[in-house]
1. What's the local net charge at Gly238, with K and R +1, D and E -1, over the other residues with C-beta under 12 Å away?
2. Counting other C-beta atoms within 10 Å, and keeping those with at most 12, which DSSP coil trypsin sites (Lys or Arg not before Pro) do you find in the range 50-107?
3. Could you tell me which GluC sites (Glu not before Pro) in the range 128-195 are loop residues by DSSP with no more than 11 other beta carbons within 10 angstrom of their beta carbon?
4. For the residues Val176, Val59, what sequence is obtained by ranking on other C-beta atoms within 10 Å, fewest first?
5. Amide H neighbours of Asn36 under 5 Å, counting only residues 5+ apart in sequence or on other chains, H built in-plane at 1.01 Å?
6. What does the net charge come to around Phe289 if you take all other residues with beta carbon closer than 10 Å to its beta carbon, with K and R at +1 and D and E at -1?
7. From the helices alone, meaning DSSP H stretches of at least four residues, give me the mean residue ellipticity at 222 nm for the chain, per-run term -39500 (n - 2.57), in deg cm²/dmol to the nearest 500.
8. Based on the Kirkwood radius over alpha-carbon pairs, what is the Stokes-Einstein translational diffusion coefficient of the range 198-297 at 4 °C with 1.567 mPa s viscosity, in µm²/s?
Amino acid sequence: MYINFLGKVFFIVFFFFLQTPLFGQKSNLHRVISCNIRVALDEDETKGVGWSTRKNVCVKVIKAQHADIICLQEVIGVQNEDMKKVFSSYRVLGYDGPEMDAHKEGYHGIAKNLILFSLKRYEFISAGCYWLSETPIIGGSKSWETARARHVNWVRIKDRSTEKEFRILSTHLDHVSQLAREKQIALIINEAAQYQPAFPQILAGDFNCTQKNQVIEQLIHNGWKDTYREIYGQEEPGFTGHSFLGENYPKKDKTGKIDFIFVKGNVKVTSSHIIKDKIKSTYPSDHYFVSADLIIE
């Protein structure tokens with residue numbers, strides 16, 4: 001009798017717990033990571049930091065984050081195939097497209113920005129790609145003195161449990177021209193502005209500039225929030241590009257964080273980190289990866 005009574009009490013308490021906002025909030029937590037994985041280069045192989053050496057380390061570091069959404073930059077064909085194999089429970093989007101590169105092998109200046117999302121958690125709605133140039137529908141097009149063709153991949157998905165839809169964008173801005181970076185980010189801002197202000201959007205990537213740059217200020221001015229600053233404030237957190245040297249990078253005091261995750265619309269940031277993991281002495285990339293835990297409101 002007493003045991004039955006305790007069982008009923010436990011059931012009532014457990015049912016109440018399921019209905020609380022805290023429980024619902026946890027189910028609405030989305031972990032996003034952004035990883036510049038460094039293109040697979042022959043010159044890196046000769047230095048001992050090529051893709052064949054780093055691939056397993058890169059995969060292990062990424063998997064350890066248990067991310068729902070993974071944004072990658074600097075991906076070429078061999079890396080795309082590897083990611084599709086090892087992340088079979090994710091949908092991998094953003095590599096296939098117009099064959100603007102006439103060369104079938106190697107790296108010729110065009111690398112893609114993939115987006116991976118959990119098939120178990122999300123339903124695919126739509127996806128697209130545009131190039132950061134004056135002719136954004138032309139694959140591989142360049143403008144504004146950009147050193148390389150740059151682009152954005154985007155995916156719109158729906159959380160199967162909450163039925164909330166949102167959008168993820170993965171990009172990589174030019175590494176040489178400030179004019180190009182400013183024009184490229186203006187195009188991203190204008191394209192994203194076609195959505196209602198409250199619609200949740202997540203922008204991740206390598207911006208090749210620090211938070212004091214006009215590029216970042218443009219984003220902030222147009223309603224985008226830096227997930228790292230939302231948690232830690234305005235102080236510069238330090239470098240993310242490190243040439244495979246980590247804390248031994250000699251220029252670490254002269255640079256800053258260049259990899260970001262931004263959000264816009266009804267998105268709450270609960271945590272943000274710079275991922276400095278390595279395995280033994282091997283780093284997964286010449287960049288630290290970054291993460292953010294988000295609630296789609």
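1. Computed value for this residue: 0.
2. Lys104
3. Glu163
4. Fewest-to-most ranking of Val176, Val59: Val176, Val59.
5. Gln73
6. Around Phe289, the charge tally is -1.
7. -8500 deg cm²/dmol
8. 91 µm²/s
Throughout, read-outs are computed from the coordinates displayed, never taken from laboratory work. The structure displayed is predicted, hence computed values, not measured ones. Here the Cβ is made from the backbone with ideal geometry for all residues, glycine too, and neighbour counts use every protein chain on show.
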